[in-house]
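Novice: The structure's right below; bear with me while I get my questions together.
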Amino acid sequence: MKVLITGGAGFIGSHLVKHYLKNNHFVTVLDDYVTGSKKNLKEVSSDNNLNIIEANLIDFDFSNLTQFDIVYDLASPASPAVFEKLSFEIFKVNSIGLINLLDFFVKSRSKTFVFSSTSEVYGDPKVDPQPETYYGNVHTTGPRSSYDEGKRFAEAVIAAYVRKYSIDARTARIFNTYGPFMNKEDGRFISNFINQALNNKPITVFGDGTQTRSSCYVTDMVSGLVNLGETDNLKGEIINLGNPDERKVIDVAQLIKKMTSSDSEIVFKPIGEDDPKQRCPDIAKAKKLLVWEPIIKLEDGLKYTISYFRNI
Ligand code: UDP
């Protein structure tokens, strides 16, 4: 197969690239390295089946590219720490960039489009767990709104292309994901806690830590995305991908402190505006349509991730 992965130098994207290369497919990566990194693809950079193009979807000229079997669109900054700093990049890539990519997809008669949306479309949810049918509770102009509304707009654009051009597009609402090749600096709780614990620095819990997250190990996320791209008859479907093992942030901080045998103290810092109080995916739809569910337990995934951060 020929696969295009935008954002292929990012955390989840680079794992997806390696999956397709390992299975002898041809992979083209489009990435502008705003948040992705060349280092993430270093181990596969000499693979003859890999073509890396440094470009931004917003102004990329697609005329030299031809039909793909699957296009995965993972091109967007995704960490809350940059939602304000990179707000215009986020708005543009999820609007102009997405539309450019979809126009190429239609013109090239490519076959399947997979879009990476997010649990952030549910905002600060009033229902827990969140099913795909929940419309969400988003502060439209708050500090997280570039990402939340950018992705909501993107979902609406894709729905319009499905209606107008009858393209086979599918959307994953990706919940918190962690594992090797996370960017050490991008401010996520799991990467922050592990790096703080390994360096015996204070572990920074925002708020009182009773807010919840449900964290999915990256190999499980990749198998979910692959099933979403390769299963028949999913045109127009929107499916949650994540691990429903919901934990309090403070409990994850304590678990990481224990697993790293760290002397770090846990300190409490002010929580950001609109930080969701609860988050857990309802994955009944993924179980049914993708025959998929995560298999890596948090304790095991953390073990692998701690070992990765110890060694870089
Ligand atoms: N968080 C924290 N300490 C940190 C980074 C994040 O307590 O150093 C909290 C954050 O306030 C949120 C949760 O951990 O409630 C998850 O944050 P993250 O940035 O990983 O992603 P989010 O789930 O908010 O998109």
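Each reported figure results from applying straightforward, stated rules to the coordinates on display, with no laboratory input. All values reported here derive from a predicted model rather than from experimental measurement. No Cβ is skipped: glycine too gets one built from the backbone with ideal geometry, and neighbour counts run over all protein chains shown.
Novice: Give the range 56-71 a look and list any residue that's within 21 Å of HIS25 (Cβ to Cβ), surrounded by 15 or more Cβ atoms within 10 Å (Cβ to Cβ) and free of Cβ contacts under 8 Å to residues at least 60 places away in the same chain, or say none.
Specialist: The one that is within 21 Å of HIS25 (Cβ to Cβ), surrounded by 15 or more Cβ atoms within 10 Å (Cβ to Cβ) and free of Cβ contacts under 8 Å to residues at least 60 places away in the same chain: PHE62.
Novice: I would also like to ask the following. Against the definition (among the charged types (D, E, K, R) and in contact with a strand residue (DSSP E or B) (Cβ under 9 Å, 6 or more places away or on another chain)), how does ASP124 come out, yes or no?
Specialist: The answer is yes for ASP124.
Novice: Same structure, new question: Scan VAL17, VAL29 and give me the residue that is buried (at least 21 other Cβ atoms within 10 Å of the Cβ), in a helix (DSSP H, G or I) and in contact (Cβ under 8 Å) with a residue 24 or more places away in the chain.
Specialist: Step by step, each of VAL17, VAL29 is checked, and only VAL17 is buried (at least 21 other Cβ atoms within 10 Å of the Cβ), in a helix (DSSP H, G or I) and in contact (Cβ under 8 Å) with a residue 24 or more places away in the chain.
Novice: When you scan the range 56-79, do you find a residue that is under 29 Å from ASP275 (Cβ atoms), of a type in the set (D, E, K, R) and within 16 Å of the ligand (Cβ to nearest atom), even just one?
Specialist: no
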